[in-house]
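To start, the structure itself, in structure tokens.
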Amino acid sequence: MIQPPQIDFSVIGALTVLCVWGIALLLIDAFFIAEGQKRVTGYLALAGLAVAALVGLPSWGQSSNTFSGMVQLDGFSQTLIWIFLLAAAITIVISLDYLPRHDIEKGEYYPLVLFATAGMVLLAQSTNLIVMFLAIELVSIPLYILAGFAYPRVTSEEAAMKYLLLGAFASGFFVYGLALIYGQTGTVQLFSVDGSDSIASYLDRATLVAENNVFLFAGSALILVTLGFKVALVPFHNWTPDVYEGSPTPIAAFMSVGTKGAAFAALLRFLVQALPNLQAIWMPILAILAALTMIVGNIGALKQLNVKRMLAYSSVGHAGYITLAVITGTTLGTNAFLFYILAYTLTNLGAFAVLIALEKQGESAWSLEDLSGLWQRQPLLAVAMAIFMLSLAGVPPTMGFVGKFYIFSAAWEGGLVWLAAIGVITSAISAFFYLRIIARMFMYEPTRAEEASLSRALKVGLAVAAVAVLLLGLIPTPIIELVNNSLLVAAR
Amino acid sequence: MTQAVSLEYVLIVAAALFCIGLFGALARRNLISMLMGIELMLNAVNINLVAFWRYLEPSYVTGQVFVLFIIAVAAAEAAVGLAMVIAVYRSRTTLQADEVDSLKG
Amino acid sequence: MLESVSFIIPLLPLLPFLGFVANLLFIRNERSAGLIATATVGVSFILSLVAFILFAMGGGSRPYLDLVTWYWINTGALIVPFGFLYDSLSSTMTLLVTGVGTLIHIYSIGYMHGDKRPVRYFAYLNLFVAMMLTLVLADNLLLLFLGWEGVGLCSFLLIGHWFERKSARAAAVKAFVVNRIGDAGLLLAMMAIFALTGSLTFYSQTHPSGEGVLPGFLDSTSSFSAIFNFPGQPMVLATAVTFLILIGVTGKSAQFPLLVWLPDAMEGPTPVSALIHAATMVTAGVYLLLRVEPLLEMSSGTRAWILWIGALTAIIGATAALAQWDIKRVLAYSTVSQLGFMVVAVGLGAYTAALFHLLTHGVFKALLFLGSGSVIHAAGDEQDMRRMGGLRKALPTTFWTYMVGALALAGIFPLAGFWSKDEIIAHAFEHNIIVFGVLFVASILTALYMGRQIALVFFGEQRDHSYHPHESPKLMTVPLIILAVGTIIAGVINLPGSHFLNTWLQPVIAEEAAPFGTSEIVLAIVTTLIGAAAFYLSWRFYNERAARLRANSNDPIYRGTGAIWEGFNEGWYLDGFYKAAIVQPFRSVANFIAQVFDPRGIDGLVDGIVRSLNGASNGIGRIQNGFLRTYALVFLIGVVLIVGYFVAVNR
């Protein structure tokens, strides 16, 4: 007789709300919402996100787990959950205009976004490899569909195909790694608060040196590789430019911040909670990958004339910066990671939103050319975009600058001086392609005469994001305090 | 209980199967064949898990449950994947992976 | 005195910033844009004058005033106030920035009349003043860095103001990218300082919690030695940190080897060159060196570097200025050279002399640039000196004021340039005879190129009659006259013997006033006489030969010097060197990787180093070939390498 486990729903509040509401919304949409009014589904999805954000409030500051410790709610995951919900909300807001303009307004879009968000939430909370696997798939499968949502546009379909095949390919390695670790340690739990079996406790055993741990080591490497694929570390970044370029723009934006943040959270948990004893082993290799990622991402972006693709390469570069924070393994590093994720979420979603505002039906304003003289055509868009670009380039007083300074300081303090130096230098190089966009907007005459009309929601959203990036760059202390209180629960 | 074959052999079979799947995913040009290769990789892992369960801790069900999870996820992936293959075939009338290369650079 | 009205200090940068916001969002016509911009900077000037007087009257009660508006970053580990530091150094700089800034704003109203985008111009100019004041008044390195990047951004926007010219856009991007290389050094220096001392504020101040003090890193230089216990170590650390700062300075203050952007920056409107690329922004590097003087004092190694970089820059700038035809490029290279003088002064430990020269140079170089603007205006946007000549009759005011500026730059008694330059040369004479020799030659060259310029522009007959020169409007000549008066009297702030500036700076920079004896007087007389002679001879030489000059003819001394002249004209081939030494090898490597290199470059905006990165970028794009199976293969290779590493480590 198997005892059903005790489930503490306050731990998985946001997850439950998102899943239940997502399923309900699918049915509501199918039966009650008429074709052409799918916008309503979007509003309902937004309401679901708001509820999911609120259920986290009462338990803020506490740390508890459920499902025998496989799912953890701590300050760290709660802050990330809020960031993901924010990202999902912005994505839905920018989709409200985008979908009808491209004739792809279908109701299931919004529930799929909710499911993917649920996956991100679960990924940030998972302290067990099998839960991590399920969460990764829960993020990925809806996103495979969403990437191909602009069907029959061939690039969208191609993006979905590539994403799916490579994603499934990577999953194969993940589960192989999981199996090997299971074979070695008999458990796939990252760590445990109550002292039961876990990877961390296995590694704590003194006899470790004498044993032959080849399965554990190979398995850990495979898990790292797969998570590296999800966050787009070089050399596992190849899919990023193609998939971002082909996907519907709001989805590219969502992937660039949401998937990345969630996978980084999982990576951080895996490294810091399960393998702290092996830091001497994973640190060098990940440091090299981080350096490569910063270099390849930023140099790859240099020659891109397609703004969307440029942002994809730039997101690879930013993955390198975030890796820097993750591998320090220190509290300062974790805090810098959370701050940067939030800064990057606001900035990058804002930048993509500007692109969406410029796209018209059946075409895509993605080339640098299309931004020419934007200042004359749409001053608000131009100023907002300039702020986002400066933030991505790490120019003060934006959030991006504070975040970069935070990360580089954490790396420096963690003894990774050379990596911090590479980070500073590559971000100096990156100024070039971000600046090129500003030059395009302010130092060229417009080439496109007519203008897409902007909806009020998009305008307000953009203005809020731009002001937030600037203001939280000038007064970041509240955010810093929030992330300082977002402690990762520690073993033992 | 004595084992007819030792754990190593089962693991080698699983690893071989994984590599065959890998080869299929890498070397075949047909999208469906690539999907099949990936499915093979996942099934190889399932053999691994079951073997570990059977040989190392048969008193728990953990390993078996993992296999169920993986089968379910693999099915979901296959469903989406095949739907996409059909979509690609409709628009390009080809299933050659190398002809799906309009996004690059 | 000042403490009771300390709120006016944050107002200094805030006012021009409000002007920027107003111009950006609300103003749509040229007239009100100019008025708003000038008024905000003007009020800022009056306020800084008030603050200066109150601060001076306050006497020695407090050496500095630190006003924290809010805490920018306030975490346990890192506390960075958004605070303003008002001391004798920053108060002096504030006066220069707002004073010259106001005059240049007034001048701009006249100069930019009829421009296509005057509102944008004034908005950027206001933002620049706000950022420059933030830089100068910052009480910590991070805030200084905000201003530092901000002025860089404004410089970028203003150089590219006339973006219809492709060269203007290219120069703008070049300026920003070269500066970013320097900025990377400064950013690393900040992290090192934070890691070593745990603080980024300059001086100690009250801790935000209300109790205890927040230590300033300039006060806690002793912690450099506390970290490691043996004697040599603190010097090594201080050298590393100050060297990183020096990298930042070479970018912003156009020192060797990063000086290449400044001559190109002359693509911007002339008032911009006067304000940003002569009087204020480019001196920010020198200001930063003065600010971190206690750190420099710890590292003789970096001071030696500073000394030689400055000397090399001084001579490169002076020789290159000799061989230019463009009236503004002469002044640009001259600025490079004079910045070299200031940096040399810092390297010699003569910090006051550096600031003194910074101030006087700010005044007379602004005068010269504005004068050249008046000339260009009169000559129908012609900048080639071969097409000028004889303009003194048509432009009497411009001519006389320009003459004052030129003589001051040449170091002729009793103009401002004489006193400040002479002080640096006297210091060099005392400490390092080789550097003295270099500076001496450079200052003779200064007299030569200014004599040449005066002769070519103002004397002889007009050589090109396609335009009809006319004196500029009052809005432009009045600032010229004010600056000329300033140039004549500015020397009094640190006359030998009185050493007013030395005394004034005493709380910030503890430096003994330079001795003033017979040998200094003799030296001064000798340099002045030689300078005057050089100026006269050069004037005479070119005056006699100017009539034969045509649009494309060579310089009269070209026949004798040929290749050398060309080398000077090309600014010692630094640009070419970068292309050959960095771009070409990079390109070959990229070629090797990518097999092809896209010769078109990217979008015409690219230059120098960046173009070479393009090759690497193409290489990356080549792996990104769109084939799914290639991606999977690359993935697999990564897996094999990383798993191999993990397994091998385990063995």
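The values are calculated or read from the model by the stated rules, or taken from the named source; none is laboratory data. Bear in mind that the values here come from a model prediction, so they are computed numbers and not experimental data. Because the Cβ atoms are built from the backbone with ideal geometry, glycine has one as well, and the counts that use them run over all protein chains shown.
Within the stretch C:92-140, track down each residue that is among the charged types (D, E, K, R) and closer than 24 Å to C:Trp162 by Cα.
C:Asp115, C:Lys116, C:Arg117, C:Arg120
With the checklist (1) part of a loop (DSSP other than H, G, I, E, B); (2) under 22 Å from the mean Cα position of the chain (by Cα) in hand, flag the one item A:Glu105 doesn't pass.
(2) is the only condition that A:Glu105 fails.
For the stretch A:330-339, indicate whether the set of residues that are without any contact (Cβ under 8 Å) to a residue 24 or more places away in the chain, aliphatic (A, V, I, L, M) and closer than 27 Å to A:Leu482 by Cβ is non-empty.
Scanning the stretch A:330-339, I find no residue that is without any contact (Cβ under 8 Å) to a residue 24 or more places away in the chain, aliphatic (A, V, I, L, M) and closer than 27 Å to A:Leu482 by Cβ, so the answer is no.
Could you list all residues from the stretch C:148-165 that are in contact (Cβ under 8 Å) with a residue 60 or more places away in the chain and either under 18 Å from C:Lys252 (Cα atoms) or at the interface with another protein chain (Cβ under 10 Å from one of its Cβ atoms) (or both)?
Answer for the stretch C:148-165, where residues must be in contact (Cβ under 8 Å) with a residue 60 or more places away in the chain and either under 18 Å from C:Lys252 (Cα atoms) or at the interface with another protein chain (Cβ under 10 Å from one of its Cβ atoms) (or both): C:Trp148, C:Val151, C:Gly152, C:Cys154, C:Ser155, C:Leu158, C:Ile159, C:Gly160, C:His161, C:Trp162.
Scan the stretch B:23-44 for residues that are more than 8 Å from chain A (Cβ to nearest Cβ) and crowded, with 22+ Cβ neighbours inside 10 Å and jot them down.
Within the stretch B:23-44, just B:Gly37 meets the criteria.
Across the stretch B:45-59, which residue is surrounded by the fewest Cβ atoms within 10 Å (Cβ to Cβ) among those that are within 14 Å of the chain's Cα centre (by Cα) and more than 8 Å from every other protein chain (Cβ to nearest Cβ)?
The qualifying residue surrounded by the fewest Cβ atoms within 10 Å (Cβ to Cβ) is B:Ile47.
Which one is modelled with the highest pLDDT among residues in the stretch C:333-382 that are outside any helix (DSSP H, G or I) and of a type outside the set (A, V, I, L, M)?
Taking the candidates together, the pick is C:Gly349.
Does the stretch C:500-517 include one or more residues that are assigned to a helix (DSSP H, G or I), over 26 Å from C:Gly216 (Cβ atoms) and either among the small types (Gly, Ala, Ser) or at pLDDT 85 or above (or both)?
Scanning the stretch C:500-517 turns up no residue that is assigned to a helix (DSSP H, G or I), over 26 Å from C:Gly216 (Cβ atoms) and either among the small types (Gly, Ala, Ser) or at pLDDT 85 or above (or both).
When the residues of the stretch A:147-185 are filtered to those that are of a type in the set (Val, Ile, Thr) and closer than 19 Å to A:Thr226 by Cα, which remaining residue is surrounded by the most Cβ atoms within 10 Å (Cβ to Cβ)?
Checked the stretch A:147-185; the qualifying residue surrounded by the most Cβ atoms within 10 Å (Cβ to Cβ) is A:Val175.
Determine whether C:Phe128 is at the interface with chain A (Cβ under 10 Å from one of its Cβ atoms), in contact (Cβ under 8 Å) with a residue 24 or more places away in the chain and surrounded by 24 or more Cβ atoms within 10 Å (Cβ to Cβ).
no
Being aliphatic (A, V, I, L, M), in contact with an Asp or Glu (Cβ under 6 Å, 6 or more places away or on another chain) and closer than 26 Å to A:Thr334 by Cα is the requirement here; does A:Val395 meet it?
When the stated conditions are applied, A:Val395 passes them.
Hey, could you check the stretch A:98-133 for residues that are out of contact with any Lys or Arg (no Cβ under 8 Å at 6 or more places or on another chain) and among the acidic types (Asp, Glu) and say which is nearest to A:Ser196 (Cα to Cα)?
Checking each candidate, the answer is A:Glu108.
Take B:Thr62 and tell me if it is surrounded by fewer than 21 Cβ atoms within 10 Å (Cβ to Cβ), facing another protein chain (nearest Cβ under 9 Å) and of a type in the set (Ser, Thr, Tyr).
It is true that B:Thr62 is surrounded by fewer than 21 Cβ atoms within 10 Å (Cβ to Cβ), facing another protein chain (nearest Cβ under 9 Å) and of a type in the set (Ser, Thr, Tyr).
Does A:Ser126 satisfy the condition of being touching a strand residue (DSSP E or B) at 6+ places or on another chain (Cβ under 8 Å) and modelled with pLDDT under 95?
yes
Scan A:Leu222, A:Leu271 and give me the residue that is in a helix (DSSP H, G or I), more than 9 Å from chain C (Cβ to nearest Cβ) and modelled with pLDDT of 90 or more.
Going through A:Leu222, A:Leu271 in turn, just one is in a helix (DSSP H, G or I), more than 9 Å from chain C (Cβ to nearest Cβ) and modelled with pLDDT of 90 or more: A:Leu271.
Quick check on my filter: what residues within the stretch A:82-123 are over 14 Å from A:Val257 (Cβ atoms), modelled with pLDDT of 95 or more and of a type in the set (S, T, N, Q)?
If the condition is that a residue be over 14 Å from A:Val257 (Cβ atoms), modelled with pLDDT of 95 or more and of a type in the set (S, T, N, Q), then no residue fits.
Return the residue satisfying two criteria in turn: it lies in the stretch A:186-206 and is within 14 Å of another protein chain (Cβ to nearest Cβ), of a type in the set (S, T, N, Q) and surrounded by fewer than 22 Cβ atoms within 10 Å (Cβ to Cβ), and of such residues it is nearest to B:Met36 (Cα to Cα).
A:Thr187
Can you name every residue in the stretch A:137-158 that is at pLDDT below 90, within 7 Å of chain B (Cβ to nearest Cβ) and assigned to a helix (DSSP H, G or I)?
A:Val154, A:Thr155, A:Glu157, A:Glu158
Restricting to the stretch C:638-651, name every residue that is assigned to a helix (DSSP H, G or I) and either touching a residue at least 12 places away in the same chain (Cβ under 8 Å) or more than 7 Å from every other protein chain (Cβ to nearest Cβ) (or both).
Once the filter is applied, which keeps residues that are assigned to a helix (DSSP H, G or I) and either touching a residue at least 12 places away in the same chain (Cβ under 8 Å) or more than 7 Å from every other protein chain (Cβ to nearest Cβ) (or both), the stretch C:638-651 yields C:Val640, C:Leu641, C:Gly644, C:Ala648.
Can you tell me which residue within the stretch B:66-84, out of those that are more than 8 Å from chain A (Cβ to nearest Cβ) and surrounded by fewer than 19 Cβ atoms within 10 Å (Cβ to Cβ), is farthest from B:Gly24 (Cα to Cα)?
B:Leu68
Here are A:Ser59, A:Ser64: which of them is in contact with a helix residue (DSSP H, G or I) (Cβ under 8 Å, 6 or more places away or on another chain), among the polar types (S, T, N, Q), surrounded by fewer than 22 Cβ atoms within 10 Å (Cβ to Cβ) and in contact (Cβ under 8 Å) with a residue 24 or more places away in the chain?
A:Ser59
How many residues are touching a Leu at 6+ places or on another chain (Cβ under 6 Å), within 14 Å of chain C (Cβ to nearest Cβ) and part of a helix (DSSP H, G or I) if we restrict to the stretch A:229-268?
The number of residues fulfilling the criteria is 5.
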